[in-house]
Amino acid sequence: MKFPEKIRKFCPHCNTYTEHKVRVEVVRKVRRALSKGQRRAERRSKGHGNHGRYSKKPISQWKLHAKTTKKIDLVLTCTVCGKSRHMGLRRMKKFEIVKA
Ligand SMILES: [Zn+2]
């Protein structure tokens, strides 16, 4: 899908239609070393033998590919007040922002 770089949309903060910049947000999953679950997993996987569910990879890393598309998160930023909002997640194979 091709999408223009700037679009005119309604801004709820300005209460009028203004020019909006479009960008794609990338959702990153960061493993925090000091989170409670991470500390627990490290403690339980110490030592020898089978550690139950801590011996397995998390389900998100299993190679099950039911979906063939990726989710894309579009963020619109108002050029007048600078506030931004998400357009919601959509699934699509290809996505590019085109200069109009
Ligand atoms: Zn605005």
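Each value in this text was obtained by applying a stated rule to the coordinates, not by laboratory testing. Note that the structure is predicted; figures quoted are calculated from it, not measured. When we count neighbours, we look across all protein chains shown, and the Cβ atoms used for this are built from the backbone with ideal geometry, even at glycine.
Given in Å, the Rg to one decimal and the Dmax to the nearest whole number for the Cα atoms of the stretch 2-98 are 20.8, 64.
Farthest towards the positive end of the charge dipole of the chain, among the residues W62, V30, G82, is the Cα of W62, using unit charges on the Cβ of Lys, Arg, Asp and Glu. Among the trypsin sites (Lys or Arg not before Pro) found in the stretch 1-42, those both in a DSSP coil and sparsely packed, with 10 or fewer other Cβ atoms within 10 Å of their Cβ, are R28, K29, R31, R32.
Highest mean packing first, where packing is the average number of other Cβ atoms within 10 Å per residue, the peptides 46-55, 78-87 line up as 78-87, 46-55. Taking every C-alpha pair closer than 8 Å and separated by at least 6 residues, the mean separation divided by the residue count of the chain gives a relative contact order of 40 percent. Taking θ as phi - 60° and the Karplus parameters 6.51, -1.76 and 1.60, the scalar couplings of the stretch 53-64 work out to 6, 7, 8, 8, 6, x, 4, 6, 9, 5, 8, 10 Hz in sequence order, x denoting glycine and proline. For the stretch 5-44, the C-alpha radius of gyration divided by 2.2 N^0.38 Å, with N the number of residues, is 2.28. Label-to-label distance for R8 and V30 is 3.9 nm, based on points extended 7 Å past Cα in the beta-carbon direction.
Checking the cross-link pairs K21/K57; K6/K63; K2/K36; K21/K93 against a 30 Å limit on the alpha carbon distance flags K21/K57; K6/K63; K2/K36 as lying beyond it. Please work out how much length the chain gains when fully extended from I59 to L89, using 0.36 nm per residue of separation minus the C-alpha to C-alpha distance, in nm with one decimal. That pair, I59 and L89, stretches by 8.6 nm at full extension. Under 5 Å from the amide H of D73 lie the amide H atoms of E25, each residue being 5 or more positions distant or on a separate chain, with H modelled from the backbone and absent for Pro and chain starts. Here the gap between N50 and I97, fully extended at 0.36 nm per residue and compared with their Cα-Cα distance, gives a gain of 12.0 nm.
For the chain, a simple Cβ point-charge model (Lys and Arg +1, Asp and Glu -1, everything else neutral) yields a dipole of about 680 debye relative to the Cα centre.
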